[in-house]
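Undergrad: Handing you a structure now.
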Amino acid sequence: MKRESQSPLQADDRALAHALRETLNRAAKSA
Amino acid sequence: MGWAATADGKEGDDGRVVPADRLAYGRPMTENPQPAAVPMSLDTFLRGVGRRAQVMAEIATRDREAALDIVQDSMLALTARYRDRDAAEWGPLFQTILQSRIMDWHRSRTRRGRWFTWLTPSGDDEDADPWADVPEQASSDPALLLERARDMETVLAVLADLPLRQQQAFMLRIWEGLDTAATAEAMDCSEGSVKDAFVARHACAACTTGGRQE
């Protein structure tokens with residue numbers, strides 16, 4: 001897989017993304 | 001019917017199976033936010049992806065019936081054209097079809113409404129940088145941002161208010177876990193527009209601050 005150069009995400013960003021993903025999963029379950 | 005990914009896997013909250021060797025480690029989101037699970041059959045795949053697709057389409061269209069039509073049409077297209085493809089390809093292929101159908105729906109609406117519309121939202125310009133008008137985070141308080149990110153009503157409302165291209169990049173990268181190449185292909189745009197760290201940081205900012213700036 002081609003990878004682009006990038007700076008690693010901050011821990012806060014990862015936590016936010018995880019929380020958003022979980023929230024969307026809950027939305028899908030209730031859809 | 002189950003999943004073929006691994007006998008030791010565990011079903012996640014979204015119905016996908018997380019291979020056992022990935023459960024113990026929190027992989028950085030820059031690699032792939034969702035573990036890849038390979039469905040055993042096309043029916044299994046469609047059952048797993050259906051509700052997520054419905055939420056995506058409904059956020060993008062704000063029209064439940066239109067969203068249902070888009071999702072069903074996308075599923076039929078995947079089944080008709082790609083059922084014999086490798087199961088690992090179904091996810092990216094389905095998202096390419098789904099996002100294309102969503103774009104078609106928006107184009108159709110734009111054509112129908114052009115005589116009554118004074119201004120087309122700039123964020124829906126297909127050629128524009130999808131992240132050009134994302135605001136900076138209004139707060140740097142991680143606890144406050146997490147609280148907002150966990151509030152379903154807030155997240156759905158803010159996502160619905162994002163320009164379509166931001167919605168798509170966010171859904172594909174953050175929720176579906178497609179890599180940058182697959183996301184760019186599904187959105188028919190350059191990989192530079194959907195770089196991991198860039199998308200993640202800006203999407204999180206958008207979703208926790210109130211969306212687009214006018």
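Undergrad: Anything in the stretch B:142-158 that is within 8 Å of chain A (Cβ to nearest Cβ) and open to solvent by less than 60 Å² (accessible area, probe 1.4 Å)? List them, or say none.
TA: B:142, B:145, B:146, B:149, B:152, B:155, B:156
Undergrad: Out of the residues in the stretch B:53-66 that are over 19 Å from residue B:92 (Cα atoms), touching a residue at least 12 places away in the same chain (Cβ under 8 Å) and not β-branched (Val, Ile, Thr), which is surrounded by the fewest Cβ atoms within 10 Å (Cβ to Cβ)?
TA: Here the answer is B:62.
Undergrad: Just checking, which of B:73, B:104, B:84, B:69 is in a helix (DSSP H, G or I), open to solvent by 20 Å² or more (accessible area, probe 1.4 Å) and farther than 20 Å from residue B:185 by Cα?
TA: Checking each option against the conditions leaves just B:69.
The values are calculated or read from the model by the stated rules, or taken from the named source; none is laboratory data. On a predicted model such as this, the values are computed, not experimentally measured, just so you know. Here Cβ is always computed from backbone atoms with ideal geometry, including for glycine, and neighbour counts include all displayed protein chains. Only protein heavy atoms, including side chains, enter the accessible area calculation; ligands, DNA and RNA are left aside. Shrake-Rupley method; radii C 1.70, N 1.55, O 1.52, S 1.80 Å.
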